[in-house]
Amino acid sequence: MKTRDEIEKLLEDKIPRDAVATREGGGGKRLSYLETWYVIAKMNEIFGNLGWDQETVEMREVPGQDKPTYVARVRITVSIPGADKYSSIVTHEGTGYGRDKSGLNPHEMATKEAESDAFK
């Protein structure tokens, strides 16, 4: 397990260009964001694959839609060792929306979007 100082140093590493993607935002602006694969790899490097957890805490169908539509909520939890014997727990949640389009699974779409939101 890494120390708090080692974790802080790794979190300050420069982000490689290939880990940053862009997309169109509102008003014609380009938005930059971290690719989820990079965030997961970095979390594994820093916290180990047992030092963080991800769980889907909500999956519900949105009533009254013409096609199956779901909302998902995903929680990411990280345990950071403290300077003393106690750890800090950091939690972040993300929400995703999925609607049946061209045979795509709306459950998967909602979960993927929620995971991506929570990781970032």
Quickly run through the range 47-106 and pick out the residues that are over 30 Å from Leu10 (Cβ atoms), in a strand (DSSP E or B) and among the small types (Gly, Ala, Ser).
Gly98
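Which residue out of Val71, Val20 is more than 17 Å from Ala110 (Cβ to Cβ) and touching a residue at least 12 places away in the same chain (Cβ under 8 Å)?
On the way: Val71 fails: more than 17 Å from Ala110 (Cβ to Cβ).
The match here is Val20.
If I ask for residues that are of a type in the set (D, E, K, R) and modelled with pLDDT under 90, which ones from the range 7-43 would you list?
Keep residues of the range 7-43 that are of a type in the set (D, E, K, R), which gives 8-9, 12-14, 17-18, 23-24, 29-30, 35, 42.
Within the range 7-43, Glu8, Arg23, Glu24, Glu35 meet the criteria.
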Enumeration of residues in the range 92-104 that are touching a helix residue (DSSP H, G or I) at 6+ places or on another chain (Cβ under 9 Å), loosely packed, with under 14 Cβ neighbours inside 10 Å and farther than 17 Å from Lys120 by Cα
Lys101
Are there any pairs with C-beta distances below 7 angstrom linking a residue in the range 41-61 that is without any contact (Cβ under 8 Å) to a residue 24 or more places away in the chain to a residue that is assigned to a loop (DSSP other than H, G, I, E, B), with the two at least 6 apart or on different chains, and if so which?
Glu61/Pro68
Here the residues within the range 14-48 that are farther than 16 Å from Ser116 by Cβ, open to solvent by less than 60 Å² (accessible area, probe 1.4 Å) and touching a helix residue (DSSP H, G or I) at 6+ places or on another chain (Cβ under 8 Å) are Pro16, Ile46, Phe47
Among the residues of the range 11-34, are any within 13 Å of the chain's Cα centre (by Cα) and under 24 Å from Val78 (Cα atoms)?
yes
From the residues in the range 49-91 that are open to solvent by less than 40 Å² (accessible area, probe 1.4 Å) and over 16 Å from the mean Cα position of the chain (by Cα), which one is nearest to Glu115 (Cα to Cα)?
Tyr70
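The values are calculated or read from the model by the stated rules, or taken from the named source; none is laboratory data. Keep in mind that what you see is a predicted model, and the values were worked out from it rather than measured. Glycine also receives a Cβ, built like all others from the backbone with ideal geometry; neighbour counts cover every protein chain displayed. The accessibility values were calculated without ligands, DNA or RNA, using every heavy atom of the protein model including side chains. Shrake-Rupley method; radii C 1.70, N 1.55, O 1.52, S 1.80 Å.
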